[in-house]
Amino acid sequence: MIVYSKKLGLITSIVSNGTGITQKFVQKYDKEIDWIGLSLDSGNEKTQKALGRGNGNYVKSIVEKSKIIREYGIKLKINTVINRLNYFEDLSEVINEIKPDRWKVFQVLEIKGQNSSSIKDLLITEEQFEQFGEINAHMNLIVENNDAMIESYMMIDQMGRFFQNTGNTYHFSRPILNVGLSNALNDIKYNHAKFIERGGIYAF
């Protein structure tokens, strides 16, 4: 899919927890990949483990994979989800070590039927989310709260349907290949103004 997308002239981007981002993989596809986004929610290994990432070496692994990505000239983005376990954390030390081209932080978001059973203890207030932004403001981070996320992404699932998190619940279109792009897009709510406002278009 990466190779095919690049042949179509698209900007290609992978968002990953780092598992498949190896030197062999990056070396093989470095000409086809424009961006790689890695998930990093904390600079503390214990916090990362509590959030279900790794067994005590996740931060170290992300730092190492970031070096591989930069070595091959691929743009690097770090995605951080702010929640009850990290909203008070200063991530400047690890972010300075990684040196991403773009650091984006999201407020943890409940999606009914997807993460409702496990997300309650991690939800935070707008004030707590803003607190993280104030602590890390000197790092030129891009912040995206729950309101900015809702209806501002154009996402496609594995069945070829658009889906959207309207009202904190995923809504799905008819399959794009069955009804056409425009008809499928009309099945969901998509707010292009929100997309622009949250910085959806940026220099590649």
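Some notes on this structure:
- Per-region count, region 68-83, residues in contact with a helix residue (DSSP H, G or I) (Cβ under 9 Å, 6 or more places away or on another chain) and exposed (fewer than 14 other Cβ atoms within 10 Å of the Cβ): 1
- Evaluation of Asn96 against (1) surrounded by fewer than 18 Cβ atoms within 10 Å (Cβ to Cβ); (2) closer than 30 Å to Leu181 by Cβ (one fails), failing number: (2)
- You will find that of Glu197, Glu134, Glu126, Glu130, the residue that is surrounded by 14 or more Cβ atoms within 10 Å (Cβ to Cβ) and either in contact with a His (Cβ under 8 Å, 6 or more places away or on another chain) or not basic (Lys, Arg) (or both) is Glu130 and no other.
- Within region 154-171, tally of residues that are surrounded by 16 or more Cβ atoms within 10 Å (Cβ to Cβ) and either at pLDDT 90 or above or assigned to a loop (DSSP other than H, G, I, E, B) (or both): 3
- Residue list for region 22-58, restricted to those being of a type in the set (A, V, I, L, M, F, W, C), assigned to a loop (DSSP other than H, G, I, E, B) and at pLDDT 95 or above: Ile33, Leu40
- If you go through region 49-71 and keep only what is charged (D, E, K, R) and over 17 Å from the mean Cα position of the chain (by Cα), you end up with Lys49, Lys60, Glu64, Lys67, Arg70, Glu71.
- Pairs are defined by a Cβ separation below 6 Å, a sequence spacing of at least 6 or placement on different chains, a first member in region 148-165 that is over 17 Å from Gly200 (Cβ atoms), and a second member that is crowded, with 17+ Cβ neighbours inside 10 Å and of a type in the set (Gly, Ala, Ser); the pairs so defined are Arg161/Ser173.
- Any hit, region 59-66, residues being farther than 24 Å from Glu89 by Cβ and not in a loop (DSSP other than H, G, I, E, B): no
- Filtered by the rule that a residue be on the phi > 0 side of the Ramachandran plot and free of Cβ contacts under 8 Å to residues at least 12 places away in the same chain, region 91-124 gives no residues.
The values are calculated or read from the model by the stated rules, or taken from the named source; none is laboratory data. The shown structure was predicted, so the numbers you read here are calculated from the model rather than taken from an experiment. Here the Cβ is made from the backbone with ideal geometry for all residues, glycine too, and neighbour counts use every protein chain on show.
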